[in-house]
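The values are calculated or read from the model by the stated rules, or taken from the named source; none is laboratory data. Just so you know, these numbers come straight off a predicted model, no measurement behind them. In this analysis, Cβ positions are derived from the backbone assuming ideal geometry, glycine residues included, and neighbour counts consider all displayed protein chains. SASA here: full protein model, heavy atoms, side chains in, ligands and nucleic acids out. Shrake-Rupley method; radii C 1.70, N 1.55, O 1.52, S 1.80 Å.
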Amino acid sequence: MLTLRPLAETDSLEQLTELLHRAYAQLAAMGLRYTAVDQSAEVTRRRIAGGRCLLAWHGDELVGTVTVHHPRPASPCPQFRQTDGAVLMQFAVDPAWQGQRLGSRLMDAAEDWARLQGYRRIRLDTAEPATHLVERYLKRGYRVEAPLQWPDKAYASVVMVKELEAAAVTRTSVCAATN
């Protein structure tokens, strides 16, 4: 049985970082040095700070994660500073769990969080040569919004954006009658 839940104080950032390394190893083999390929636990801590980090567990095994943030005013990426959208990052599924819809569940949870925060959009970036990822996001309703060149990366990236429908608001009418 899989459990999705927010990161807790008792969770190991080292364990989370190891998951990121495993999940991003295929991209590293393609020559794409995403930050998560070899980041330290301290970098993991900084990248989740202030965001909503969700973890997927199978028993006591950490098998997936995603972090979603409010807009990032200090980001070098202008799209990530826009106040109309949340920013999704550090999305990872353990290789043994890929292809089992866990990634879709994590993305759904991140998009739901953004929607409930009142955001109209959610953005992410990925390496342009990672065509399998670009295609996956396109199938989820994302579109390429802008090219992006991170200063510390040798490859081109793209910012992708998805329009979010407004969260349903449940209203209860109360009628008070007096005699």
Short version: ³J(HN,Hα) in whole Hz for each residue of region 108-123, in order, from phi by Karplus 6.51 cos²θ - 1.76 cosθ + 1.60 (θ = phi - 60°), x for Gly and Pro, what are they?
4, 5, 5, 5, 4, 4, 4, 4, 5, 7, x, 6, 8, 9, 9, 10
Fraction of alpha-carbon pairs over 16 Å apart in region 80-120 - percent:
43 percent
Sorted on mean Cβ neighbours within 10 Å (highest first), peptides 78-90, 32-44 come out as 78-90, 32-44
Evaluated at 25 °C and 0.890 mPa s, the Stokes-Einstein D of region 40-112 based on the Kirkwood radius over Cα pairs, in µm²/s, stands at 187 µm²/s
Amide H contacts under 5 Å for TYR142, placed H, 5+ residues apart:
none
Local electrostatic count, LEU164, Cβ distance below 12 Å [Lys/Arg +1, Asp/Glu -1]:
0
Extension gain HIS21-GLN100, at 0.36 nm per residue separation less the Cα-Cα distance, in nm?
26.5 nm
Given a 1.4 Å probe, how much area per residue of the chain is accessible, in Å²?
56 Å²
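Normalised by the empirical 2.2 N^0.38 Å for globular proteins, what value does the Cα Rg of the chain take?
1.13
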Expected vector for region 84-91, Karplus 3J(HN,Hα) from phi with 6.51, -1.76, 1.60 and θ = phi - 60°, integer Hz, x for Gly and Pro, equals 8, x, 7, 10, 9, 8, 6, 8
Sequence order, region 45-53: Karplus ³J(HN,Hα) from phi using 6.51 cos²θ - 1.76 cosθ + 1.60, θ = phi - 60°, Hz rounded, Gly and Pro as x, gives 4, 5, 6, 9, 4, x, x, 10, 9
Can you list the residues, at least 5 places off or on another chain, whose amide H is less than 5 Å from the amide H of VAL63, using H built in the peptide plane?
ALA56, TRP57, HIS58
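Using a probe of 1.4 angstrom, how much of the accessible area of region 28-179 is carbon and sulfur, in percent? Please list the in-between numbers first.
Numbers: 4230 of 8330 Å².
Of the solvent-accessible surface of region 28-179, carbon and sulfur hold 51 percent.
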Return, ordered by residue number, the residues of region 62-92 whose backbone nitrogen is under 16 Å from a label point located 7 Å along Cα→Cβ of VAL43.
89-92
Suppose we keep just the alpha-carbon trace of region 30-79; what are its Rg and Dmax in angstrom?
13.2, 40
Helix-only CD estimate at 222 nm, as mean residue ellipticity for the chain, using -39500 (n - 2.57) per DSSP H run (n ≥ 4)
-9000 deg cm²/dmol
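Around THR126, under 14 Å between beta carbons, what's the net of Lys plus Arg minus Asp minus Glu among the other residues? List each step's numbers first, then the result.
Working: positive: ARG33, ARG123, ARG136, LYS139, ARG140, ARG143, LYS153, LYS162; negative: ASP125, GLU128, GLU135, GLU145.
Net charge in that neighbourhood comes out at +4.
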With +1 on the Cβ of every Lys and Arg and -1 on the Cβ of every Asp and Glu, and nothing else charged, how large is the dipole of region 95-174 about its Cα centre, in debye rounded to the nearest 20?
240 debye
Taking the Cα centre of the chain as the origin and placing charges on Cβ (Lys, Arg +1; Asp, Glu -1), which of ALA127, ALA28, PHE80 is farthest toward the positive end of the dipole?
PHE80
